[in-house]
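Peer 1: Below are the structure tokens for one structure; questions will follow.
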There are 6 protein chains.
Amino acid sequence: MTFERSGQRAADQLRAVRITRGYTLHAEGSVLIEFGHTRVLCTASVEEKVPPHRRGSGAGWVTAEYGMLPRATHTRSDREAARGKQSGRTQEIQRLIGRSLRAVFDLTALGERTIHLDCDVLQADGGTRTAAITGAWVAAHDAVSTLLAAGKLAASPITDAVAAVSVGMVQGEPLLDLDYREDAACDTDMNVVMTGAGGFVEVQGTAEGAAFARSELDALLNLAGQGIAELVALQRQALLEK
Amino acid sequence: MTFERSGQRAADQLRAVRITRGYTLHAEGSVLIEFGHTRVLCTASVEEKVPPHRRGSGAGWVTAEYGMLPRATHTRSDREAARGKQSGRTQEIQRLIGRSLRAVFDLTALGERTIHLDCDVLQADGGTRTAAITGAWVAAHDAVSTLLAAGKLAASPITDAVAAVSVGMVQGEPLLDLDYREDAACDTDMNVVMTGAGGFVEVQGTAEGAAFARSELDALLNLAGQGIAELVALQRQALLEK
Amino acid sequence: MTFERSGQRAADQLRAVRITRGYTLHAEGSVLIEFGHTRVLCTASVEEKVPPHRRGSGAGWVTAEYGMLPRATHTRSDREAARGKQSGRTQEIQRLIGRSLRAVFDLTALGERTIHLDCDVLQADGGTRTAAITGAWVAAHDAVSTLLAAGKLAASPITDAVAAVSVGMVQGEPLLDLDYREDAACDTDMNVVMTGAGGFVEVQGTAEGAAFARSELDALLNLAGQGIAELVALQRQALLEK
Amino acid sequence: MTFERSGQRAADQLRAVRITRGYTLHAEGSVLIEFGHTRVLCTASVEEKVPPHRRGSGAGWVTAEYGMLPRATHTRSDREAARGKQSGRTQEIQRLIGRSLRAVFDLTALGERTIHLDCDVLQADGGTRTAAITGAWVAAHDAVSTLLAAGKLAASPITDAVAAVSVGMVQGEPLLDLDYREDAACDTDMNVVMTGAGGFVEVQGTAEGAAFARSELDALLNLAGQGIAELVALQRQALLEK
Amino acid sequence: MTFERSGQRAADQLRAVRITRGYTLHAEGSVLIEFGHTRVLCTASVEEKVPPHRRGSGAGWVTAEYGMLPRATHTRSDREAARGKQSGRTQEIQRLIGRSLRAVFDLTALGERTIHLDCDVLQADGGTRTAAITGAWVAAHDAVSTLLAAGKLAASPITDAVAAVSVGMVQGEPLLDLDYREDAACDTDMNVVMTGAGGFVEVQGTAEGAAFARSELDALLNLAGQGIAELVALQRQALLEK
Amino acid sequence: MTFERSGQRAADQLRAVRITRGYTLHAEGSVLIEFGHTRVLCTASVEEKVPPHRRGSGAGWVTAEYGMLPRATHTRSDREAARGKQSGRTQEIQRLIGRSLRAVFDLTALGERTIHLDCDVLQADGGTRTAAITGAWVAAHDAVSTLLAAGKLAASPITDAVAAVSVGMVQGEPLLDLDYREDAACDTDMNVVMTGAGGFVEVQGTAEGAAFARSELDALLNLAGQGIAELVALQRQALLEK
């Protein structure tokens, strides 16, 4: 018997994805991205300097921070600012977002400035990190457009799109874009980050229960590739607006 | 010459206030409150236990935390979770929100449970703490309704409404509900918290430049009283919806 | 029936106030201030530089820190240095002291130097923050005298005196300068900071139980004004000695 | 032209692996594992209780911590204990080790006790996390043998072996078990964790420079599978000794 | 040529020592001890429970904390509570005070309660740790008297007096009870803690410049023994008062 | 009746001491020192700059850090990096190691560079701090040799050897170089640090139970002097190798 997805979603179907640009006023790029009930606010802030280890290099930097509002989740979690430190999970995710975005940035072309990507989860229903990467790219793109419009950059340092999706084996079936309930039920959970051109940037697969076979891994990678191609199309469409 | 307010607002006029209930899914109460461009997400979470210092008292607890997304502001601020501590300003504000809400709660009637109010600023344009108090009360009200509906409470422990507004002297004129530009220009800044019945819960006035006279203080308190009466009406209206 | 004050003090009477200058050796200003049993050591230290955000401005800075010895209180409290952080209450108080003192300082006239005010409570019996402000002003005055005597300043950057007192409604009666027992019993607690010229610098009123009426607020402000006038006279008298 | 490996190692050849059991006295399992110049001390400590979130479940817990001596590396790094926090990288690695080991543990069969795996890098030359996982499994096995010998367990809760290796594309060629110099030169870096039965536990691939193609990913996974099979054979051989 | 001591003090002469009991109100023991210009407030607080590692042992605990007000010193030092941690020096000193006091306590006779000794330096001029130990013993004695008077203890758990003094070689001459200027000039600095009966509790000697010879060590120990005998006499005299 | 030492060691006999130079690859000096079962890895790292408070002085700095692997001990201790701070004991020990090494360094002759000594306990059986000092000196010597060989120093800034040993009174008998079991049984515990020329650098004696007499102190110092002379001979012998 097959696992029943919410809303009669097909196994290879993304949740409803919505990308709202200009969601807040002040940031150079500000995007609310929704993967079903998961909602992440991604802002891109331009700072005209780089961290100490990059100074004088001529090259820029792209970095990310991730957070979750305490009641984004089913039960309230502690506020990290109040506890006085970010969890290992938070650090892992923000490092992943930063690496993913840098993979499609020509840092030399960016010049000695930093783009800070802040990905804050307003509502969580699985896939917050993949939504964050997908939305952060759009926010970064808007921030770059601001720099281009202001004449601070002559050409875009963005070399390609980047987007991410989760895939998982649930009761023997490969499913695309897991929500929270599906994520809790899955045996293998994989987050895949790919470029617009279809190259892999990150592949992170974890066996939750039993170890997984090469054939399962292959099926999951195929599914992710298809989902990411759709996400990249949606990113590009969103950039056409306004 | 008089200071010109944005959008030709009158000196005693509130900004456009919008209260959106049920803004996120999981919390027992979830309210987006907007005072003009200021947007604060207020959630109320019920936890069926109390902090150690209240245990066995039979009475409940109401507490608040406050945060600001890094790019809620004109220029990006450091993320408190990453720096590893909350600023003095943050702590001061969240203590104020907690005291204000407890002023209209009968903690014994609440029973041994805690209501956590999380006030997170998505976009800042002055008056975030007063918007937070005003929105948190609506969120708390919704959380109490959930408890009543579930039969966990027989009667509401909320004894009155509570709302807050900022007032300030700008170039000799008392102004209601300052936005960021006005706040930066003002000589005296006052945050006032009052109940629906018109009693004072908190009065916090600070001379930014020169000390202020009793007559100025009186004018500001009058203005605040009028503004809070309007806010309480808006809170009650919001509760009628749905 | 009226609340009975300790030592048959009248409702509008300050506790015995003692200001001892030169209490310790090393600081440029060192004052032990006593409000009855409350004893706070206030030192003013001159540092010939300013914090990073003020550098190159030509203007100086005045800042305060507050602490309480672990057994200043009825039962021992944790040492903040051992716990590894200052409480919200401590930060709130030290921010208040700093703002209050800056209100009577011409920072440009001070030049690019910092005056650090350290207010450490040796014994607590209510009103520690108001005693701290009142004593810190005397310490700051002595530090300025040192700078004048050393020829580092040509004229005093202090523009007026500043002092503070607490007032509160206890069983329907407005009382001046609450001690610990009275503070615990009061319905409304207000800390007021005023200049020698009678201008308000800070007004912080909090309803402990029921919200308070405008008439009560007015009565408390009147009482505070009278008490602060007496405190300023005592500050000036203390400066005449030696 | 092909990248030249140190010591004329073939592209699909592991470095010299040495597993020394009983390396220190006190731990229930204590293994020094060497992958070439990389040396990691892995200890397994049994504690007869579980963390709070597992209490009363009847099931046990397996957890890991990772550290690096300050001068394990080419240039000295700060001591994390002195800086007061573990880096994001450290937390990411220790979470990976913990998950990997739990994948081959029947936690119910372990009973309500914890096995703490401490993996401390004495000398680093690339591949410290994969050496740590491979060595930690041997240490955990020895700790379980101690429990079996003491009659605290009737049957081993270990369901299979687990080992890990890094693979990477260096100048277009897939290489097994990268040392530090190779790791710095590689375009794609992948850490793979597999069971003795050949199932995948974790796959973590990262494009360092250009994104990587599916064919490269496939080649790397094949290489990793072969290397891990050899490592599992070496683990089993090591357990035969003494 | 010989080093000239301040105030024509002889080489083997203590500074003026003053012990003021009952210096603050709330603590069970509260002593201001002065060694010349060094002033330390020592309070002893009784808590009717013991730290976790002592629970159920039937025995009590004696522990100490040490602090220095920011402007106790010639130039202002950072406040440890604000920096968020105690320095290594502070921890070393408070561990020493705790050990010294426990050396003259029969912890079983104390019963399952804790005596907290808080030693806070109001003014520093060398020898703060030795003054702290000497004063803390008097404060502890007063706290024990309170327990005896309240019938909580039938007999005193204090087995002897304990006091401490610093000695040092300055320009080839052994000096007793160094002040700050002498401490800065000395080659060897030794802190000695002894009981009333003349037994050694702690000996901590440090070569500041050249290593020191056994003959110097012997001379310093003799001098310390004489000084401590005088301090114990002063402690006992202080206990006779009131 | 006399206390029986492990392995029929005589009262004045050191444990088997082994000094292995070049224990790890990267550090300028790397020494594994063993005092019986106690094993400490001491590395010396040269950094071509000094801490802020030494800059521009022309002189160098020598500093030490100390750590213990979590399972170096009989039962696992918390990892200090995970707890987020170093214990008071750790700080006390690393300050002692630093002072001891600086006592035999001519910091001016070292030039503006820092030697970092990292002493990490792999296995603990008493005397870890004395082994650390003894081993750190050999590691520092090797680091200096590297600097001499590289022509960065013309002459060695090391003025003498330094070594350390613990001594203690166990059941009335003075014992040299206590192991863990002896340390737990002893009444007086003393750590002594001396130079090759026989001068005292540090003497730290602590009464664990009863206070100790001068005659006991004298006996322990004699024993320590003899033990350290042997250790210095072993250090010198170790430097002859290779």
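Peer 1: Could you check C:LEU32 against (1) in a strand (DSSP E or B); (2) more than 22 Å from C:LEU147 (Cα to Cα) and say which number it fails?
Peer 2: Checking C:LEU32 against (1) in a strand (DSSP E or B); (2) more than 22 Å from C:LEU147 (Cα to Cα), the one that fails is (2).
Peer 1: What are the pairs with Cβ atoms under 6 angstrom where one residue, in the range F:19-32, is under 14 Å from D:HIS74 (Cα atoms) and the other, located anywhere, is of a type in the set (D, E, K, R) and outside any loop (DSSP other than H, G, I, E, B)? Sequence gap at least six, or different chains.
Peer 2: So the pair list comes out as F:GLY29/F:ASP142.
Peer 1: Could you count how many residues in the range B:42-60 are surrounded by fewer than 22 Cβ atoms within 10 Å (Cβ to Cβ) and not in a strand (DSSP E or B)?
Peer 2: 12
Peer 1: Related question: Can you report the number of residues in the range B:84-111 which are in a strand (DSSP E or B) and out of contact with any strand residue (DSSP E or B) (no Cβ under 7 Å at 6 or more places or on another chain)?
Peer 2: Restricting attention to the range B:84-111, the residues satisfying the condition of being in a strand (DSSP E or B) are B:105.
Pick out the ones that are also out of contact with any strand residue (DSSP E or B) (no Cβ under 7 Å at 6 or more places or on another chain) and you get none.
The number of residues fulfilling the criteria is 0.
Peer 1: Same structure, new question: Suppose the filter is within 12 Å of chain E (Cβ to nearest Cβ), crowded, with 20+ Cβ neighbours inside 10 Å and in a helix (DSSP H, G or I); does F:ALA224 pass it? Show your work before the answer.
Peer 2: Working: within 12 Å of chain E (Cβ to nearest Cβ): yes; crowded, with 20+ Cβ neighbours inside 10 Å: yes; in a helix (DSSP H, G or I): yes.
Yes: the conditions hold for F:ALA224.
Peer 1: Which one of these is of a type in the set (Val, Ile, Thr), assigned to a loop (DSSP other than H, G, I, E, B), closer than 30 Å to C:LYS85 by Cβ and touching a Ser or Thr at 6+ places or on another chain (Cβ under 9 Å): A:THR63, A:THR75? If you could, list the steps in order and put the result at the bottom.
Peer 2: Working: A:THR63 fails: assigned to a loop (DSSP other than H, G, I, E, B).
From the options A:THR63, A:THR75, the qualifying one is A:THR75.
Peer 1: Need the failing condition index for C:GLY172 against (1) in contact with a strand residue (DSSP E or B) (Cβ under 6 Å, 6 or more places away or on another chain); (2) at pLDDT below 95; (3) on the phi > 0 side of the Ramachandran plot, just the number.
Peer 2: C:GLY172 satisfies every listed condition except (1).
Peer 1: Return a yes/no flag: does the range A:193-200 have any residue that is modelled with pLDDT of 95 or more and surrounded by fewer than 16 Cβ atoms within 10 Å (Cβ to Cβ).
Peer 2: Yes, because at least one residue in the range A:193-200 is modelled with pLDDT of 95 or more and surrounded by fewer than 16 Cβ atoms within 10 Å (Cβ to Cβ).
Peer 1: Please state which one of F:VAL121, F:VAL138 is surrounded by fewer than 24 Cβ atoms within 10 Å (Cβ to Cβ) and touching a Lys or Arg at 6+ places or on another chain (Cβ under 8 Å). Walk me through how you get there before you give the answer.
Peer 2: Working: F:VAL138 fails: surrounded by fewer than 24 Cβ atoms within 10 Å (Cβ to Cβ).
Being surrounded by fewer than 24 Cβ atoms within 10 Å (Cβ to Cβ) and touching a Lys or Arg at 6+ places or on another chain (Cβ under 8 Å) holds for just one of F:VAL121, F:VAL138, which is F:VAL121.
Peer 1: Answer with yes or no whether E:GLN171 is facing another protein chain (nearest Cβ under 10 Å), of a type in the set (S, T, N, Q) and either more than 18 Å from E:GLY225 (Cα to Cα) or out of contact with any helix residue (DSSP H, G or I) (no Cβ under 7 Å at 6 or more places or on another chain) (or both).
Peer 2: Here the answer is no, as E:GLN171 does not meet what is asked.
Matching residues to (1) more than 30 Å from B:LEU25 (Cβ to Cβ); (2) touching a Pro at 6+ places or on another chain (Cβ under 6 Å); (3) surrounded by 24 or more Cβ atoms within 10 Å (Cβ to Cβ):
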{"site": "A:ALA82", "(1), (2), (3)": "no, no, no"}
{"site": "A:LYS85", "(1), (2), (3)": "no, no, no"}
{"site": "A:GLU92", "(1), (2), (3)": "no, no, no"}
{"site": "A:SER100", "(1), (2), (3)": "no, no, yes"}
{"site": "A:ARG113", "(1), (2), (3)": "yes, no, no"}
{"site": "A:HIS116", "(1), (2), (3)": "no, no, no"}
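The rows are residues; the columns are (1) under 22 Å from E:HIS37 (Cβ atoms); (2) basic (Lys, Arg); (3) in contact with a Phe, Trp or Tyr (Cβ under 7 Å, 6 or more places away or on another chain).
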{"position": "E:GLY58", "(1), (2), (3)": "no, no, no"}
{"position": "E:ARG71", "(1), (2), (3)": "yes, yes, no"}
{"position": "E:HIS74", "(1), (2), (3)": "yes, no, no"}
{"position": "E:ALA81", "(1), (2), (3)": "no, no, no"}
{"position": "E:GLY84", "(1), (2), (3)": "no, no, no"}
{"position": "E:GLU92", "(1), (2), (3)": "no, no, no"}
{"position": "E:ARG95", "(1), (2), (3)": "no, yes, no"}
{"position": "E:SER100", "(1), (2), (3)": "no, no, no"}
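Peer 1: Of all residues in the range F:198-215, how many are at the interface with chain E (Cβ under 7 Å from one of its Cβ atoms), in a loop (DSSP other than H, G, I, E, B) and farther than 30 Å from E:THR108 by Cβ?
Peer 2: So the count comes out to 1.
Peer 1: Taking the stated definitions as given, is C:ALA229 surrounded by 16 or more Cβ atoms within 10 Å (Cβ to Cβ) and either in contact (Cβ under 8 Å) with a residue 12 or more places away in the chain or within 15 Å of the chain's Cα centre (by Cα) (or both)? Spell out the reasoning first.
Peer 2: Details: surrounded by 16 or more Cβ atoms within 10 Å (Cβ to Cβ): no; either in contact (Cβ under 8 Å) with a residue 12 or more places away in the chain or within 15 Å of the chain's Cα centre (by Cα) (or both): yes.
Here the answer is no, as C:ALA229 does not meet what is asked.
Peer 1: Can A:ARG39 be described as assigned to a strand (DSSP E or B), more than 14 Å from chain D (Cβ to nearest Cβ), surrounded by fewer than 16 Cβ atoms within 10 Å (Cβ to Cβ) and at pLDDT 95 or above?
Peer 2: Numbers: assigned to a strand (DSSP E or B): yes; more than 14 Å from chain D (Cβ to nearest Cβ): yes; surrounded by fewer than 16 Cβ atoms within 10 Å (Cβ to Cβ): no; at pLDDT 95 or above: yes.
No; evaluated as a whole, the condition is false for this residue.
Peer 1: Please go through the range C:112-161 and give me each residue that is polar (S, T, N, Q) and not in a strand (DSSP E or B), ordered by number. Step through it out loud before you land on a result.
Peer 2: Taking the range C:112-161 and keeping what is polar (S, T, N, Q), we get C:114, C:123, C:128, C:130, C:134, C:145-146, C:156, C:159.
Passing the criteria: C:THR128, C:THR130, C:THR134, C:SER145, C:THR146, C:SER156, C:THR159.
Peer 1: Related question: Would you confirm whether any residue within the range A:181-192 is outside any loop (DSSP other than H, G, I, E, B), at the interface with chain D (Cβ under 10 Å from one of its Cβ atoms) and basic (Lys, Arg)?
Peer 2: For the range A:181-192, residues outside any loop (DSSP other than H, G, I, E, B), at the interface with chain D (Cβ under 10 Å from one of its Cβ atoms) and basic (Lys, Arg): absent.
Peer 1: Of the residues that sit in the range E:1-34 and are within 14 Å of another protein chain (Cβ to nearest Cβ) and crowded, with 24+ Cβ neighbours inside 10 Å, which one is nearest to the chain's Cα centre (by Cα)?
Peer 2: E:VAL31
Peer 1: Using beta carbons and a limit of 7 Å, which pairs, at least six apart or on different chains, have the first residue in the range D:42-70 and away from chain F (no Cβ under 12 Å) and the second one surrounded by 15 or more Cβ atoms within 10 Å (Cβ to Cβ) and aromatic (Phe, Trp, Tyr)?
Peer 2: Here the result reads D:VAL50/D:TRP61; D:PRO51/D:TRP61; D:ARG54/D:TRP61; D:VAL62/D:PHE105, each pair linking the range D:42-70 to a residue that is surrounded by 15 or more Cβ atoms within 10 Å (Cβ to Cβ) and aromatic (Phe, Trp, Tyr).
Peer 1: Would the range A:80-103 turn up any residue that is in contact (Cβ under 8 Å) with a residue 60 or more places away in the chain, of a type in the set (A, V, I, L, M, F, W, C), facing another protein chain (nearest Cβ under 7 Å) and touching a Ser or Thr at 6+ places or on another chain (Cβ under 9 Å)?
Peer 2: Of the residues in the range A:80-103, the ones in contact (Cβ under 8 Å) with a residue 60 or more places away in the chain are A:96, A:99-101, A:103.
Subset that is of a type in the set (A, V, I, L, M, F, W, C): A:96, A:101, A:103.
Applying the additional criterion that residues be facing another protein chain (nearest Cβ under 7 Å) yields A:103.
Retained after the next criterion (residues that are touching a Ser or Thr at 6+ places or on another chain (Cβ under 9 Å)): A:103.
Looking for residues that are in contact (Cβ under 8 Å) with a residue 60 or more places away in the chain, of a type in the set (A, V, I, L, M, F, W, C), facing another protein chain (nearest Cβ under 7 Å) and touching a Ser or Thr at 6+ places or on another chain (Cβ under 9 Å), one finds at least one in the range A:80-103, hence yes.
Peer 1: So, of the residues in the range F:156-190 that are within 13 Å of the chain's Cα centre (by Cα) and crowded, with 24+ Cβ neighbours inside 10 Å, which turns out to be nearest to F:ALA10 (Cα to Cα)?
Peer 2: Residues of the range F:156-190 that are within 13 Å of the chain's Cα centre (by Cα), as a first pass: F:161-166, F:177.
Filter once more, keeping what is crowded, with 24+ Cβ neighbours inside 10 Å: F:162-166, F:177.
Numbers: F:VAL162: 24, F:ALA163: 21, F:ALA164: 19, F:VAL165: 16, F:SER166: 15, F:ASP177: 11 Å.
Per the stated criteria, the residue is F:ASP177.
Peer 1: Does D:ALA132 count as surrounded by 24 or more Cβ atoms within 10 Å (Cβ to Cβ) and either free of Cβ contacts under 8 Å to residues at least 60 places away in the same chain or in contact with a Leu (Cβ under 7 Å, 6 or more places away or on another chain) (or both)? Lay out the reasoning, then the answer.
Peer 2: Working: surrounded by 24 or more Cβ atoms within 10 Å (Cβ to Cβ): yes; either free of Cβ contacts under 8 Å to residues at least 60 places away in the same chain or in contact with a Leu (Cβ under 7 Å, 6 or more places away or on another chain) (or both): no.
Here the answer is no, as D:ALA132 does not meet what is asked.
Peer 1: Something else now. Please give the number of the condition D:THR75 fails out of (1) of a type in the set (S, T, N, Q); (2) more than 14 Å from chain F (Cβ to nearest Cβ); (3) over 22 Å from the mean Cα position of the chain (by Cα).
Peer 2: (2)
Peer 1: Let me ask something additional. When the range E:125-145 is examined, which residues are found to be over 9 Å from the mean Cα position of the chain (by Cα) and within 14 Å of another protein chain (Cβ to nearest Cβ)? Break it down into steps so the answer makes sense when it comes.
Peer 2: Narrowing the range E:125-145 to residues over 9 Å from the mean Cα position of the chain (by Cα): E:125-126, E:138-145.
Within the range E:125-145, E:ASP125, E:GLY126, E:ALA139, E:ALA140, E:ASP142, E:ALA143 meet the criteria.
The values are calculated or read from the model by the stated rules, or taken from the named source; none is laboratory data. All values derive from a computational prediction rather than experimental measurement. As a convention, Cβ positions derive from the backbone with ideal geometry for all residues, glycine included, and neighbour counts pool all protein chains shown.
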